[in-house]
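Visitor: Provided herewith is a single structure, encoded as structure tokens, for subsequent inquiry.
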Amino acid sequence: MAKFYAMGNYTAKAFEGFIKDPNTDRSKAAQAAGDAVGAKMISYDALRGSFDFIVVFEGNFEQMAGIKLATEASGALRNINICEAIKMSGPAQQAAKAAASYKVPGK
């Protein structure tokens with residue numbers, strides 16, 4: 001299984017919920033979303049900065065896309081970015097192959 005990082009932002013609807021229940025544990029909601037699609041949640045953290053949260057999952061891209069679609073459709077989350085952890089050697093090997101045959105304009 002691949003490792004994915006899902007970073008996103010809460011909406012005003014979510015912030016209203018936090019104000020109503022400041023002790024809400026959003027990791028449980030992330031865990032439930034992962035479980036529903038067969039992905040494994042590794043960790044959940046709230047963040048300061050450009051994103052409000054980050055969740056680490058193990059699974060596949062279709063599972064991550066499903067979680068994104070469902071949670072953003074709820075109206076509580078937005079701007080979810082899904083990043084897949086990779087080994088750089090794979091893309092670098094492909095880049096070496098492409099670079100050997102790619103010609104810049106005018107060459």
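The values are calculated or read from the model by the stated rules, or taken from the named source; none is laboratory data. What you see is a predicted model, and the numbers here were worked out from it, not measured in a lab. Counting neighbours? That spans all protein chains shown, and the Cβs are built from the backbone with ideal geometry, glycine included.
Visitor: Name the residue that is nearest to the chain's Cα centre (by Cα), counting only residues in the range 63-92 that are part of a strand (DSSP E or B) and under 21 Å from T24 (Cβ atoms).
Guide: Taking the candidates together, the pick is I80.
Visitor: Looking for whichever is modelled with pLDDT of 95 or more and loosely packed, with under 14 Cβ neighbours inside 10 Å here; the options are A46, A29. Which one fits?
Guide: Only one candidate qualifies: A46.
Visitor: Just wondering, is there one or more residues in the range 51-62 that are assigned to a loop (DSSP other than H, G, I, E, B), buried (at least 16 other Cβ atoms within 10 Å of the Cβ) and aromatic (F, W, Y)?
Guide: Yes: one or more hits.
Visitor: If you go through the range 63-86, how many residues are surrounded by 17 or more Cβ atoms within 10 Å (Cβ to Cβ) and over 15 Å from F4 (Cβ atoms)?
Guide: Going through the range 63-86 one residue at a time, the tally reaches 2.
Visitor: Of all residues in the range 16-39, which are assigned to a helix (DSSP H, G or I), under 20 Å from the mean Cα position of the chain (by Cα) and not acidic (D, E)?
Guide: R26, S27, K28, A29, A30, Q31, A32, A33, G34, A36, V37
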